[in-house]
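Q: Have a look at the structure that comes next, please.
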Amino acid sequence: MPHENLWEPHGLVKRFHGFVSGAEFVDSVREVAADPRFDDVRYIISDFRDVSGHSIDAAALEEIAVTRIGSMHTNPNVRVLLVAHDERALALVRATRAPPLDDTYETLAFPSMEAARAWLTGHPRQDRLPDRE
């Protein structure tokens with residue numbers, strides 16, 4: 001898979017490289033949601049700066065939405081940040097503002113890791129209670 005996960009005390013940086021297929025991106029989302037550390041995550045930064053292209057389409061976004069909806073029951077406090085220069089990658093963030101992803105995790109785009117981390121620093125942690133019934 002063309003990515004590596006770099007776990008941090010309260011978050012995760014997913015560093016992608018090369019060409020990312022829709023299936024690979026969906027698998028990366030599922031992998032994180034299934035990890036026991038996910039319950040403590042407050043942010044996920046998807047770093048697309050080294051991505052040469054992708055085939056993440058509407059079908060992949062729908063699968064991601066299903067995973068996110070389930071994940072929100074155990075951890076509703078995640079913010080998703082995408083770092084990218086490429087317009088096609090940034091279009092992914094715009095897609096999260098439409099169904100089926102619009103009611104899931106807040107997702108924002110940034111031109112650099114520094115800008116993404118500065119935004120996180122300026123926004124307090126969310127402390128919503130999980131729905132674990």
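The values are calculated or read from the model by the stated rules, or taken from the named source; none is laboratory data. For clarity, every value in this text was computed on a predicted model and none was experimentally measured. Note: ideal-geometry Cβ built from the backbone for every residue, glycine included; neighbour counts use all protein chains shown. Only protein heavy atoms, including side chains, enter the accessible area calculation; ligands, DNA and RNA are left aside. Shrake-Rupley method; radii C 1.70, N 1.55, O 1.52, S 1.80 Å.
Q: Beyond 25 Å, what share of the Cα-Cα pairs of the chain remains, rounded to the nearest whole percent?
A: Details: 1499 of 8778 pairs.
Across the chain, Cα pairs with separations above 25 Å total 17 percent.
Q: Got the relative contact order for the chain handy, in percent, Cα pairs under 8 Å and 6 or more residues apart?
A: Value for the chain: 24 percent.
Q: Please work out the average accessible area per residue across the chain, using the 1.4 Å probe convention, and give it in Å².
A: Details: 7000 Å² over 133 residues.
The answer is 53 Å² per residue.
Q: Go through PHE48, GLY122, LEU6 and say which Cα lies farthest out towards the positive end of the charge dipole of the chain; charges sit on Cβ, +1 for Lys and Arg, -1 for Asp and Glu.
A: Result: GLY122.
Q: Loop only by DSSP, 15 or fewer other Cβ within 10 Å of the Cβ. Give me the trypsin sites (Lys or Arg not before Pro) in region 47-97 that pass, ordered by residue number. It would help to have the intermediate numbers written out before the result.
A: Details: sites: ARG49, ARG68, ARG79, ARG88, ARG94, ARG97; in loops: ARG97.
Filter output for region 47-97: ARG97.
Q: How many percent of the accessible area of the chain is carbon or sulfur, using a 1.4 Å probe? Don't jump to the answer; show the numbers that get you there.
A: Values: 3820 of 7000 Å².
Carbon and sulfur atoms account for 55 percent of the accessible area of the chain.
Q: Let me ask something additional. Count charges around HIS85 for me, please; just the other residues with Cβ under 13 Å from its Cβ, Lys/Arg as +1, Asp/Glu as -1. Please list the in-between numbers first.
A: Details: positive: ARG49, ARG88; negative: ASP47, ASP50, ASP86, GLU87.
For residues surrounding HIS85, the net value is -2.
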